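Beneath this line is the structure, given in structure tokens, with notes to follow.
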Amino acid sequence: MRVEIKNFQELTTSQLYDILQLRSEVFVVEQDCVYQDLDGKDQKALHIIGYKENEVVAYTRIFKSGDYFKEASIGRVVVKSSERKFGFGVDIMKASIAAVEEYFKESTIHLSAQCYLIKFYNSLGFKEVGEEYLEDGIPHIGMTRHK
């Protein structure tokens, strides 16, 4: 998988379309969850885009501390359903963690994890913080990683 990192202004309209299409495909259609994906925060984020050949197959967005959570954060972690068996989730998360450290010079990272993915995020060094909560009808938990 090839990874590109871009701020909002650097995204082409085609890249933005592909990212939003993937997010909608997984978070709205696959997870059967009606929610407002376009939340006004993409403009502040760095976008971590994973490509297989020329197709967007994995994606996250990252924020410096204070732009979303108190800590630097990773969100909208998504892998195309047909591509999940290739380890792209681990690859895009490792690229995202490295980008937070390189671009923001921060080592503490927070995320809001869907509860069924706790073990996945644990494998990347994230630990649960706080209590489980519902976000858009899906059980979530806060998780933080300290380097």
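The values are calculated or read from the model by the stated rules, or taken from the named source; none is laboratory data. If you're wondering where the values come from, they're calculated on a predicted model, not measured in any experiment. For neighbour counting, all protein chains shown are included, and Cβ atoms are generated from backbone atoms with ideal geometry for every residue, glycine included.
Taking each residue of segment 4-23 that is surrounded by 14 or more Cβ atoms within 10 Å (Cβ to Cβ) and looking for partners that are at pLDDT 95 or above and assigned to a helix (DSSP H, G or I) with beta-carbon atoms closer than 6 Å, six or more apart or interchain, yields Ile5/Ala99; Phe8/Asp42; Phe8/Gln43.
Residue count for segment 1-56 satisfying the condition of being part of a helix (DSSP H, G or I), hydroxyl-bearing (Ser, Thr, Tyr) and within 26 Å of Ile138 (Cβ to Cβ): 2. Going by the conditions given, is Glu53 free of Cβ contacts under 8 Å to residues at least 60 places away in the same chain and over 11 Å from the mean Cα position of the chain (by Cα)? Answer is yes for this residue.
Under 22 Å from Lys147 (Cα atoms), surrounded by 13 or more Cβ atoms within 10 Å (Cβ to Cβ) and either hydroxyl-bearing (Ser, Thr, Tyr) or more than 16 Å from the chain's Cα centre (by Cα) (or both): does that describe Glu106? It is true that Glu106 is under 22 Å from Lys147 (Cα atoms), surrounded by 13 or more Cβ atoms within 10 Å (Cβ to Cβ) and either hydroxyl-bearing (Ser, Thr, Tyr) or more than 16 Å from the chain's Cα centre (by Cα) (or both). Of all the residues in segment 69-100, those that are surrounded by fewer than 19 Cβ atoms within 10 Å (Cβ to Cβ), of a type outside the set (Phe, Trp, Tyr), assigned to a helix (DSSP H, G or I) and in contact (Cβ under 8 Å) with a residue 40 or more places away in the chain number 2.
Kindly evaluate Val90 against the criterion of being touching a helix residue (DSSP H, G or I) at 6+ places or on another chain (Cβ under 7 Å), of a type outside the set (Lys, Arg) and more than 17 Å from Phe104 (Cβ to Cβ). So Val90 does not fit the description; no. Which residue out of Phe104, Phe126, Phe120 is over 20 Å from Gln31 (Cα atoms), touching a residue at least 24 places away in the same chain (Cβ under 8 Å) and of a type in the set (A, V, I, L, M, F, W, C)? Criteria check complete, one pass: Phe104.
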